[in-house]
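Here the structure comes first, spelled out in structure tokens, and everything after it is commentary.
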Amino acid sequence: MGGSDGILGNRSVERGKATVSTASGKWLKRRETWLVILGVILHAVYMMSIFDIYFKTPIVHGMDPVTPRFKAPAKRLVLLVADGLRADKFFEPDSEGNYRAPFLRSIIKEQGRWGVSHARPPTESRPGHVAIIAGFYEDPSAVTKGWKANPVEFDSVFNRSRHTISFGSPDIVPIFCGAVPHSTWNTYPHEFEDFATDASFLDEWSLDQFQSLLNKSNEDSKLKELLLQDNLVIFLHLLGCDSNGHAHRPFSSIYLNNVKVVDHIAERVYHLMEDYYKDDSTAYIFTADHGMSDKGSHGDGHPSNTDTPLVAWGSGIKYPKPISSTNHSHCSFRFVDEHMHDTPTPKEWGLDGIERVDVNQADIAPLMSTLVGLPCPVNSVGSLPLDYIDMIEVEEVEAVVANTEQILNQFLRKSYIKQSNSLHFKPFKSLANYSSILDQIENLISVREYKAALKLSENLRSLALQGLHYFQTYDWLMLMTVITLGYVGWMIYLVLHILQSYTSLPGNMLRKEQAVRQRNYTGKVYLCGCLFMGVLSILLFLEHSPPLYHAYTTMTVFLWTQIISEYWFIKALWKHLHGRKFNYIIKLLATTAVSVFILEFLVNSFTDRNLYTWCFLIVGPTASLYLFNSIPWRSGIPIFVCMACWFLSVFTLMPAEIPDNNQLVIVSGVMIILIGVVARWLDLHAEGKYWRSISKHEVKKPKFPMLFQLQALLVGLSSVMVSLSTSHRTQKQELLALHQLINWSIAGFSMVLPLFSANGLLSRLTSIFLGFAPTFLLLSIGYEAVFYGALALVLMAWILFENTVSHLSKDKKSSASTKNADANVIFEHDERCLQLSDARIPLIFMVLFNIAFFGTGNFASIASFEISSVYRFITVFSPFLMAALLIFKLFIPFMLVICVFSAITKLHRLPRLGCYFLVILFSDVMTIHFFFLVRNTGSWMEIGNSISHFGIMSAQVVFVLLLFALTNIYTKGVECNSALITSQKVIFSSGLELGSFVVTSNVLHHSWAAISELYGEIHEPPSSASTVRFKIDDQQPNCTIIAFVTWPPCTKEHLQGRGGRDFVSSSALEETFPLFEFLCTKTNPRFSINKPAIDLFASVRGVLGFLKSQISTKPLIITGHSLGGSVASLFTLWLLDTINLATTKRPLCITFGSPLIGDDGLQEAILQYSAWNSCFLHVVSNRDPVPRVLISPHNPTAPELASPTNEYKPFGTFLLYSELGCACLEDPDSVLELLMATYSEGPVFDYKNIVQQLKGNVICKDSTKVDEWIAQPLQAGIITQLAAVGLGRPQTERRERKWLIRRRDVYDSNVLNEMKVYMAQLEWYKKCSEDEQIGYYDRFKNAFDSSDIKAQGFKKSLTCYWIDMVEEVEKKPQRKGAPFTTRWLYAGTNYRRMIEPLDIAEYYRDGKTDYMAKGRSKHYTQLEKWLSEDEKPANRPNNSKKQNLAGGLTENSCFWAYVEEARISCEVLSNSQSNDMDKHKQSLIVFEADVMGMVNNNAVSAEIFLKHSSFMKWWKEYSEIIRKGIMGTSYTSPFTDFMQNGQFRRYAPGGL
């Protein structure tokens, strides 16, 4: 697998793997993009299904209004709606015993009727007003329609009125009056709705507008006339209670005072109307659309939200009635909010002696219509409350009959629509004889049996309501079945995709099952699926079903078609599982059971938050015990994990209604800073392998060194602003513009800063945590700010736990176990395949994702949104902006969880998209559970929650996907040390290993011993000119040593003297000493060698042959001291070129205190063959000046060396010694830097002492940090080595890494083996193609399916590799003859014969011609040339090939190009389109002769004779040409006889 950072060695492998990712990876990416889109569409469509199943819109058009047959009790109606007024706060007394609504209480006791109006969730303003004014309950999706003008046309009391006058909120009044032409209305500006102020002035505004209208009518005759007409409706919307409740809570003095204001307004309206009209013909209704919870929110079905006051008085309203045993109801009727009909009145209300008449909120609409003699709204489902209306008995019956007929008309209309659109209609049997019931009612009225008529009407109304419900759920069973099958199909398809794309299942077995049968089978399945889908669509079309019905069925059929098309995969998977060991099946079942248990736990947690407390109380100690048994307790990780879990467990015990506590928010800011400081310290100073993978990983230098301090400052500043903003708003009842600007600036700026943090895992996550903290603090009002820090601690614990698991698994398994067993599984960024144990990661993610939901309240409930959270940003009512801020507040904990989840996938090297699909799979298990838990009966609190639970889980696929995309911005650059460790497994520092080998073995000791003995054998006095002495030591049991020294020994002064630093160029050497001409290549045509060194080597030229003859089967060590080391290096270099490395091991050259011998040309020549570079080890003491004498600043003539072509450059590995230890480096720049930096004046250490001190030690003497090398061996090694020679940490580490990448040997056998994996994949592709009687050439040319796309990827990968290989070989220092060893030449030949036919297929597929002249790649020609130079092919038949003809490769890799040209010639001859007919005939004759020759030599693969191959197509065309006589009369040849006699059929079995 490829690495994302390119740390994988030579570029051909890197390009090859990138190519595989480009081909197969692109196919997988396209499939996954399609799968994600499908998932989003599917969940969006299926989420809408609950509204078709349970909550269809009740609106139906086409009914005529029912004209009332009674006289209107009132001429006009006044409707006062106090938005957000709770019943208990309205009726109960204050702390002093005084009632807050004295006027309306007097009405209740003296003039009218009262009760509680029971609202239905969602208890929001729009649905509440629709129920009051239109008489029906909008389906629950109506809450999503927001505050905009009415998007659908429905009837209302306002529509039926002669004229409507309305004043109030801009969010309510336009909904009902905006489209009504006979209306007069006005609203105040949105800016008036400021939660920082006392909103009761809004109610006063409505009253003032109405009063102004009445006053104006005294001067406007038309207005006067309008006001005096009958059927007038006046509507005042009073928003003050709602705004003050949100801002200050319903128990605040401001809210309670607003109740008094509303009562006062009702009184003033009453007096205004009575003084204006003076006819006692006005009816008054006072009520509320919804209540208010204790924390200032509404939306759910809690009694505080559903119980609203209802007071009616005036014309047509009955007077109060004392409660007695005769009029007290004991019926068990339940209201829409599940309140019993005879719920006792609280004593503190002081109204227990007066009859209370409760109604459903929708009952108010028919009540208002009846009072002013209007037809009921045609979609109303309200039942007329007779206990409110003061009418004679016959009119009461007529009113109820009108109400019943209006509801019955809806039933009849729905029945007609369903019957006319259904192929098989099932009527509602209870109303089959509705017309006779109506006749009975009319008869009873005519004979004045009013009570019987009333009872029969009410029964008929009840049946009509039941009938409406019947048709609302008419398609319930069909839709439930389709949606259930759809969800199950989606989950199965998702499992199949994960198994195919992200696991290491035995791919060959699966593909073998698929290859033979899958293609034809899939086509048939798709055809049947399309036919079935078409039949269903026609049936639905005939039934005039809604478009969504088509979407449901199409989606479900499509999914199951996809599943059935994978039949052979599923069958192979079953066989695979059947063949596994029993303990694996147990493990699989146990994992499934645990997963289902956790998911069911999460389902139940939606209704019981306390489960999370038990969860973390148990998980904390359990995880800690596991860690205690696995890692040292001194690390502190086990204790931290336990304490973090216990800390988080506290929050789900706290109330969902968060009390205000600004001091706690400020303290939370301090806690967040402390957590950040600790995390920062751990990032910089943590020790131990269980911390190092996530800390101290500075792949990128931070762009802002002071970033952490800036983020901590912003957290502190946000805490200060929490205090300032809140205190000023409460004291001054306003939000200062300056405070608002500062808060917005802090929130926006802080969230951008994490993008500039270091890309280490812990440092980036800490920055993200601090980056979102200011925004979260500014949106917090209480303990949820502490929850933010607690959640971060648990997320940190999760990272540490997973990091520990990762280390433990690495200790137990070899690196091979983490590789993909199937090359078909292609991931990016060095990702591994998913394993069964990895399922815990998405499961833990889901637990933490849900704790982010429920940690500070039941966010699945609408009532959990605390609007006061946004008051530090905005106080003017703006529903969309406020909702956006509230939702973003919820997003912040999710962002943390997903960021950590992404980091953990990188820590384990898991494919993040694969983990995302697992999350979606687990989410859908919960979704289908919630789908069956959706309710349309019972309390509306339960119904609302069931809808929200299902909606949350259905939206999670989109929700999580969007958050993944958003968090990817923050985590994209995060890298873990584990990823680098994985990459480093394929990078080995031969220099580091070489240094370790010679230091820890006796090689270094034996080498210096040979040099010492050689010096000891010299007894002559030193002369002015140095001479070379050598010694051969073949007495060592494990090696032969050749030692070189110069006499007298070289000194610093000798090299600094005249001519000591001179170069001899390669051109001069070619004339006088041509032993090194092989070093000149096309890319490096010249080099230079130190003149004293080459002169000394030239002096022993005569004995080179003798020295070479001493090489035996034992390893050869060549060593030397000082300038003798230079001679040893040159001798080794000459030897590497002259010996046969295929049969002889490479020699090892060890020098002691040797000066540099060449320029950058020589260095580059050696580096071209990196295996040669690893043959040189130079031992240098920090006290030895000789190795440094030619390097500035130790060379006094250094200024003259400024020319880059004249600088001395090192090659090989350098072992730099100091008293502190030794460092082993290969990078030339680092070597130069350290040679200059480590020199220390003083007496030169005897290398004998150095060897003795190094003997038996590891690379460095300071081994206190050796255990840390495990975390990052290269980095730790370099750090310790630099410390060993007394240096700090310059750029050496980075240079050494780059050097290792460059140094990587292109001939590494591991790389060749990796290419063989790709070849094996193509071999299998070839085999599968032959099974289908087509051959891999033609299959690739036709490009049938995804396997052909994958083959394209493997081909490109191999081609890139071998192109680079040929280029590298051409650049290598080499003699004439075959440059490849036999193994590599065979691999190259095999590659050419396998891959070039695929290139030919691509070439001719694009309509091109003449491949040999125009299309053939140079590297194919070169490989073929090298093969011919290495071994001339035999002319006799190769009978040994007969056994493998069926699976072999055609020797001539251009064979298919000749076939294609032959087919072109056949086409020309058939059409007589050319003047060169003879030329084409001759080419065909030559071609058939060549084919016959290859057949006789067994040099062609049997696949050419497959039924559907291009060759057989050519033969068919050619035989037709022969039949027509184009080739001549009675044309025959050995080849035509061979084909016509059917002898070719015996070719594959080797029967020729």
Item to check | Hypothetical label at residue 354: residues of region 382-406 whose amide nitrogen lies under 15 Å (7 Å Cα-Cβ projection) | outcome: 388
Checklist entry - Where in region 1129-1168 is the amide nitrogen less than 17 Å from a point lying 7 Å along the Cα-to-Cβ axis of residue 1070? => result 1161-1162, 1165
Next on the checklist: Out of the total accessible area of region 204-327 (probe 1.4 Å, heavy atoms of protein only), what percent is carbon and sulfur?
Outcome noted: 48
Checklist entry - What is the gain in length, in nm to one decimal, between residue 1144 and residue 968 on full extension, counting 0.36 nm per residue of separation less the C-alpha to C-alpha distance? => result 58.0 nm
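State, as an integer percentage, the relative contact order of region 728-803 based on alpha-carbon contacts under 8 Å between residues 6 or more apart.
Reported as a whole number, the value is 23 percent.
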Next on the checklist: Between region 595-638 and region 247-266, how far is it from one alpha carbon centroid to the other, in angstrom?
Outcome noted: 47
Checklist entry - How many nm separate the modelled label positions at residue 684 and residue 201, each set 7 Å beyond the Cα in the direction of the Cβ? => result 5.3
Item to check | Solvent exposure, largest accessible area first (probe 1.4 Å, DNA, RNA and ligands not counted), of 413, 448 | outcome: 448, 413
Checklist entry - For residue 31 and residue 583, FRET efficiency with R0 = 45 Å and r from the beta-carbon atoms, rounded to 0.05? => result 0.85
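Find the eigenvalues of the gyration tensor of the Cα atoms of region 1062-1153, then list the square roots of 5 times those eigenvalues as equivalent ellipsoid semi-axes, largest first, in whole angstrom.
Gyration-tensor ellipsoid for region 1062-1153: 22, 17, 12 Å.
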Item to check | Highest average packing first - 162-168, 1475-1481, Cβ atoms within 10 Å | outcome: 162-168, 1475-1481
Next on the checklist: Past 29 Å, Cα to Cα: identify those pairs from 972/1418; 29/906; 906/1341; 222/278; 278/321, in the order given.
Outcome noted: 972/1418; 906/1341
Checklist outcome for this item: Whole-Hz Karplus couplings 3J(HN,Hα) for region 848-853, θ = phi - 60° and coefficients 6.51, -1.76, 1.60, Gly and Pro as x, run 5, 4, 6, 5, 5, 5
Checklist entry - Ranked highest first by average number of other Cβ atoms within 10 Å, how do 1484-1496, 79-91 line up? => result 79-91, 1484-1496
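Work out the length of the dipole vector of region 54-115 about its Cα centre, built from +1 on the beta-carbon of each Lys and Arg and -1 on the beta-carbon of each Asp and Glu, and round it to the nearest 20 debye.
Numbers: 11 positive and 7 negative charges, 84 e Å.
The dipole of region 54-115 has a size of about 400 debye.
Using 1/(1 + (r/R0)^6) with R0 = 30 angstrom and r between the beta carbons of residue 1108 and residue 1323, what's the FRET efficiency to the nearest 0.05?
Step by step, r from the Cβ atoms, then E = 0.10.
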Checklist outcome for this item: Here the residues of region 376-407 lying in the modelled label zone of residue 451, meaning backbone nitrogen under 11 Å from a point 7 Å along Cα-to-Cβ, are none
Next on the checklist: Need one number: nm distance between label points at residue 71 and residue 225, each 7 Å from Cα along Cα→Cβ, rounded to one decimal.
Outcome noted: 2.7
Checklist entry - Counting pairs of alpha carbon atoms under 8 Å apart in space and at least six apart in sequence, what relative contact order in percent does region 357-438 give? => result 24
Checklist entry - Arranged from highest to lowest average of other beta-carbon atoms within 10 Å per residue, in what order do the peptides 1458-1471, 594-607, 841-854, 375-388 appear? => result 375-388, 841-854, 1458-1471, 594-607
Item to check | Rounded to the nearest 20 debye, dipole of region 259-314 from Cβ charges on Lys, Arg, Asp, Glu | outcome: 140
Checklist outcome for this item: If R0 = 25 Å, then residue 477 and residue 432, at their Cβ-Cβ distance, give a FRET efficiency to the nearest 0.05 of 0.70
Checklist entry - Modelled label-to-label distance, residue 840 and residue 211, 7 Å Cα→beta-carbon offset: nm? => result 7.2
Checklist entry - Extension gain residue 1541-residue 1333, at 0.36 nm per residue separation less the Cα-Cα distance, in nm? => result 72.8 nm
Checklist outcome for this item: Long-range amide H partners of residue 359, meaning residues 5 or more apart or on another chain whose placed amide H is closer than 5 Å, are 116, 117, 118
Checklist entry - Taking a probe of 1.4 angstrom, what is the accessible area of residue 738 in Å², to the nearest 10? => result 110
Checklist outcome for this item: Surpassing 26 Å at the alpha-carbon level, of the pairs 347/451; 347/455; 1408/1479; 1108/1209; 571/1350, are 347/451; 347/455; 1108/1209
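Quick check: at a probe of 1.4 Å, how many percent of the accessible area of region 542-683 sits on carbon and sulfur atoms?
74
The values are calculated or read from the model by the stated rules, or taken from the named source; none is laboratory data. Treat the numbers as computed from the prediction; the structure is a model and nothing was measured. All Cβ positions, even for glycine, are placed from backbone atoms using ideal geometry, and neighbour counts span all protein chains on display. Protein only, heavy atoms only, side chains kept; ligands, DNA and RNA dropped before computing areas. Shrake-Rupley method; radii C 1.70, N 1.55, O 1.52, S 1.80 Å.
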